[in-house]
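Encoded as structure tokens, the structure appears first; notes follow it.
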Amino acid sequence: MSASIGTLTDHWIDGARTGGGAGSIEVVNPADGSVLAEVPRGGAAEVDAAVLAARQAFVSWSRVPVADRAAMVLRIREGIKNRHEELARSITAEMGSPIAFARSVQLGMPMATSKGVAALAEDFAWSEEIGNSLVVREPAGVVGAITPWNYPLHQVVAKVAPALVAGCTVVLKPSEVAPLTAGMLAEITAEAGLPAGVLNVVHGTGPEAGEALAAHPGVDMVSFTGSVGAGRRVQEVAAGTIKRVALELGGKSANIVLDDADLTKAVKVGLGNCFINGGQTCTAWTRLLVPESLHDQVVEQLVAASAKYTVGDPTDESTRIGPMSSETQRSRVESYIARGVEEGAELAVGGPSRPDGLDTGAYVRPTIFSGVRPDMTIAQEEIFGPVLSVLPYSDVDEAVSIANNTIYGLAGAVFAGTQERGVEVARRMRTGQVDVNGGAFNPLAPFGGYKQSGTGRELGRYGLEEFLEVKSIQL
Ligand code: NAD
């Protein structure tokens, strides 16, 4: 690991590095189990100090002209660009994302979303007249941001960039599994000239630092991305002070392939979407719904396509699937694969054992199950690994019903012979975003979930609005 990553491991409070907390947390490279660094295990005292700094900084930051706040976000983006390779390598080291994917997507997404939100600032309707009222949009205040490990930079920037443009100040609690990139971002914001206290970073675990932040009376809003269980707990502890809570949670997204779809494209794009980042993507289409008559043909094509997903050392340029983010995640994914076998799903590819030649590191075998029934555990629960379930359906009504029959509603896809037919089915899916025939990711489109996949929306104009209050002034 490069020496500089080892220096970025303190809390960042009021523009200064500081230690503090109940001991420390080891950051482990999941490819080989080596300890990369230690971060302090912050708790209530460190959160108190960070919230105080953010409250003090809010007074002046909220009054900085919006054009200057947007310009600051672009300067931070420039800093990310300048340290692109170092950031990509940090992400690969701390959570195992293959280096080529880290460069293109883990870094590409924050570059796109920060540019998008900065550009929005100019034309955004910061005030409007309704009858005799002047309605103004004002910053929500101090934001508590809690983020997961799967996209350690993107998840942070998706909150921090719009919060800064809105005029909010932030206390960030990054994932304790992959906290190093957030430390580097703090350094980049300081180099960009962001005033002390506008962004603060407190390291620690969810139940300690995370809950202290969500419960804190000095925090006006919590923006959380992570699992349903942790999101529920955040909402519970935040309820004590009636603060606004935005939750971006898990998914079990369905990809509905219609009988007139281009199967080659549906298989290629569908498998890629499920397996990228080792399947550790909240929007992954982990259920592939196919007409009964096409089931075997699709499975055959999937098996052939899966051969391209080489598993191995994430620093190798040709690796498509690295280790899971941690040993805990590896054993969780493996036990779901074993559960699928026990419940009678057919293994088309993979299985509950280590990939050949990878006896150490948090590796799993990319797995495809065929003949999966909608009530099986692997068709209902979020696995968060490279595991695809193929479910046959009899007609479109049944496909829609299967797609909608989980607690989640984050993403989804439809492959159809015509765009009209695809959109018709997309409209029937109870989910926050649907890609038709491989429609590309749009960094300005609202992103978020229905049902237990969350509340609120990130990205673009909707994401900016999350961080704003509305005030009516009667004239
Ligand atoms: P996680 O819920 O374990 O942790 C996420 C964050 O929440 C971490 O910072 C963690 O420390 C914190 N946390 C945990 N318990 C907490 C508590 N009681 N109070 C406050 N904070 C707490 O999730 P993870 O394993 O890091 O990430 C994987 C999950 O995130 C998956 O379910 C995935 O679908 C979801 N996710 C959702 C989105 C989205 O945009 N909808 C994006 C990425 C990941």
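Taken together, the values in this text are just the output of simple stated rules run on the coordinates, not laboratory data. What you see is a predicted model, and the numbers here were worked out from it, not measured in a lab. A quick note on method: Cβ atoms are made from the backbone with ideal geometry, for glycine too, and the neighbour counts reach across all protein chains shown.
Things to note:
- Pairwise centroid distance, computed over Cα atoms, of region 233-279 with region 122-141, Å: 33 Å
- Between R63 and R17, full extension at 0.36 nm per residue minus the direct alpha carbon distance yields a gain of 14.0 nm.
- Oblate is the label for region 154-195. Its Cα gyration tensor axes, ordered a ≥ b ≥ c, give a/c of at least 1.5 and b/c at or above a/b.
- Cα centroid of region 410-475 to Cα centroid of region 197-223, whole Å: 27 Å
- Each of Y363, N404, P291 was placed along the dipole of the chain (beta-carbon charges, centred on the mean Cα), and the one lying farthest toward the positive end is N404.
- Label separation (A44 vs S353): 5.1 nm, computed from points 7 Å beyond Cα along the C-beta direction.
- Residue exposure sequence - E85, E248 - by fewest surrounding Cβ within 10 Å: E85, E248
- Extension gain for the segment E236 to I130, taken as residue separation times 0.36 nm less the Cα-Cα distance, is 34.6 nm to one decimal.
- Protection proxy ranking, peptides 318-329, 387-398, average beta carbon neighbours within 10 Å, highest first: 318-329, 387-398
- Here the sum of -39500 (n - 2.57) over DSSP H runs of 4 or more residues, divided by the residues of the chain, equals -11500 deg cm²/dmol at 222 nm, to the nearest 500.
- Cβ crowding within 10 Å, taken as a proxy for footprinting-reagent exposure, orders T264, T286 from fewest neighbours to most as T264, T286.
- Gyration tensor verdict on region 217-323 (Cα atoms; rounded if a/c is under 1.5, prolate if a/b is larger than b/c, oblate otherwise): oblate
- Phi-derived couplings, Karplus 6.51 cos²θ - 1.76 cosθ + 1.60 at θ = phi - 60°, listed residue by residue for region 281-298: 10, 4, 8, 3, 7, 8, 10, 9, 9, 10, x, 3, 5, 9, 3, 5, 5, 5 Hz, with x used for Gly and Pro.
- Prolate is the label for region 339-404. Its Cα gyration tensor axes, ordered a ≥ b ≥ c, give a/c of at least 1.5 and a/b above b/c.
- Dividing the mean sequence gap of close Cα pairs (under 8 Å, 6+ apart) by how many residues the chain holds gives a relative contact order of 19 percent.
- Under the convention that each Lys and Arg Cβ holds +1 and each Asp and Glu Cβ holds -1, the size of the dipole of region 229-336 around its Cα centre is about 660 debye.
- Dipole moment magnitude, nearest 20 debye, the chain about Cα centre, only Lys, Arg, Asp, Glu C-beta charged: 740 debye
- The distance between label points at Y450 and E292 comes to 2.6 nm (points 7 Å beyond Cα on the Cα→Cβ vector).
- Using Cβ point charges alone (K and R +1, D and E -1), the dipole size of region 224-264 about the Cα centre works out to roughly 560 debye.
- Label-point separation in nm, V341 to S394, each point 7 Å along Cα→Cβ: 3.2 nm
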